[in-house]
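Please read the structure below before turning to the comments.
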Amino acid sequence: MSSIGTSAHPLRVAIIGSGPSGFYAAEYLQKHVEAVSIDMFDRLPTPFGLVRGGVAPDHQKIKSVTKVYDKIAAHPHFRFYGHVNFGTDLTLADLQAHYHAVIFAVGAQTDKALGIPGEDLPGSHAATEFVGWYNGHPDYKHLQFDLTQERVAVIGIGNVAMDVTRILARTQEELNCTDIADYAQAALAQSRVKEIYVFGRRGAAQAAFTNPEIKELGEMEGADCLVLPEEVELDDVSKAYLASDKAESKDAKNVEILQAYAAHQPTDKPKKIYMRFLWSPVEILGDGRVEAIKMVKNKLVMDDKGNVKAVATDHTQVFPVGLVFRSVGYRGVPLPDVPFNERSGTIPNVEGRVTDNGATVTGQYVVGWIKRGPSGIIGTNKPDSHETAAHLVEDVRAGAHWQPARPEPEAMEALLKAREVTFVTFADWQKLDKLETERGAAEGRPRHKFTDIDEMLQAVR
């Protein structure tokens, strides 16, 4: 049995990525290994992944989960290295020389394509870009969205689609008390958007959004949420689905909420949100930019395994819109020298142990969306990460781990300094966090974010 993980020979683990899944993996190791030293790396100077860069600015309560991660980071043998890019500043060979194992917690960094004509027209955007833009993510701060358009289509009915819809429909008063990026707030103040069409390819019973997300659309200060009664009336397939073990606990409540919306009459609120079900995009139309979107009406069928599928009919309709946001799912991207499944957009694994052509790869583990695909909410990552970390501990105790030549903690820091990598520590992040919250307090907001990496580095130095 390996002696790694004892006070004489601490377990050294690198975690690539600093979102929820990475922190929950660190938490498990801290609780279940006698002596563990964890180094967490992120290519951005700021930690917390999608909690910072993905959770909508009007959902501040959700962001309070970072208090849990602060406690994990306070462990005396935990170190954060921000502004360190895996693949350039740091390689897999470097990790093997300094650690007993690595956990990849890099999430899903791009979006799935619709695969239809006109998808790349100006005015057609991935929802991931819009989310990153309004959240002040450095990768997206330079983008521009034509908010002079009065009609917008959002393709998809998951929580991200709901976030995009809400931000487009919020009043300035509602946005003023959030941590939305200042440039996004200024742009949205000039928005002419009046109508937002949200399209789902399946029915109300199969919608991916959660109950709070759809309920929130009916509580907007400046927008009505409108639903056609016939599009939320349950057909036989949806009734059978809701009665089966395939249905999730949220599904029946979603239908109830949407059917209540269908009974509402429009008010004089300036914006309208139209929830449309059983529609799929066929083509994005326009001469040099988005001018309309062609949709096909679907019907539901159930296969012999009880899965509900949307099948196109011969009925199509063109909706005049000037802006399209595609929100049909996130997708992982490959990492240098790490196995990758192009079809699923994930790192191949069995319960978090990385595999290559079916064989387990010693010392490599994976958590979160890059492990299982883009599904679930923040809390879903906790059991997912604990499963992986438990296997890592099991393997280490069985002697299945890397044999690093330089496991001492100071060796990694010396390597980064020798390569002139300007890394950010967790103490540096805490300075940045304090600056952001102080700037926000002066404006009556939770925080005023830094959105430029050079400005972040200058601020902490």
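The values are calculated or read from the model by the stated rules, or taken from the named source; none is laboratory data. The shown structure was predicted, so the numbers you read here are calculated from the model rather than taken from an experiment. Positions of Cβ are backbone-derived with ideal geometry, glycine not excepted, and every protein chain shown enters the neighbour counts.
Filtering 436, 413 for residues that are in a helix (DSSP H, G or I), closer than 29 Å to residue 361 by Cβ and acidic (Asp, Glu) leaves a single hit, 413. Among the conditions (1) outside any loop (DSSP other than H, G, I, E, B); (2) touching a residue at least 12 places away in the same chain (Cβ under 8 Å), residue 67 misses just one, which is (2).
A count restricted to region 283-311 and to residues that are small (Gly, Ala, Ser), under 21 Å from residue 240 (Cβ atoms) and surrounded by 15 or more Cβ atoms within 10 Å (Cβ to Cβ) stands at 1. Here residue 273 qualifies as within 20 Å of residue 171 (Cβ to Cβ), surrounded by 13 or more Cβ atoms within 10 Å (Cβ to Cβ) and among the hydrophobic types (A, V, I, L, M, F, W, C). Do we have any residue at all in region 351-361 that's basic (Lys, Arg) and at pLDDT below 95? The answer is no; no qualifying residue exists.
Here's the yes/no breakdown for (1) assigned by TED's automatic domain parsing to the domain that holds residue 192; (2) in contact with a strand residue (DSSP E or B) (Cβ under 7 Å, 6 or more places away or on another chain); (3) under 19 Å from residue 102 (Cα atoms):
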residue: 305; (1), (2), (3): yes, no, no
residue: 314; (1), (2), (3): yes, no, no
residue: 318; (1), (2), (3): yes, yes, no
residue: 355; (1), (2), (3): no, yes, yes
residue: 363; (1), (2), (3): no, yes, yes
residue: 368; (1), (2), (3): no, no, yes
residue: 371; (1), (2), (3): no, yes, yes
residue: 391; (1), (2), (3): no, yes, yes
residue: 395; (1), (2), (3): no, no, yes
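In the set 95, 29, 44, only one residue is of a type in the set (A, V, I, L, M) and closer than 20 Å to residue 383 by Cβ; that residue is 29.
The conditions of being under 30 Å from residue 95 (Cα atoms) and over 25 Å from the mean Cα position of the chain (by Cα) are met by residue 356. For residue 88, work out the one condition from (1) in a loop (DSSP other than H, G, I, E, B); (2) in contact with a strand residue (DSSP E or B) (Cβ under 9 Å, 6 or more places away or on another chain); (3) surrounded by fewer than 21 Cβ atoms within 10 Å (Cβ to Cβ); (4) among the polar types (S, T, N, Q) it doesn't fulfil. (2) is the only condition that residue 88 fails. As for region 216-226, it holds at least one residue that is on the phi < 0 side of the Ramachandran plot, under 22 Å from the mean Cα position of the chain (by Cα) and at pLDDT 95 or above.
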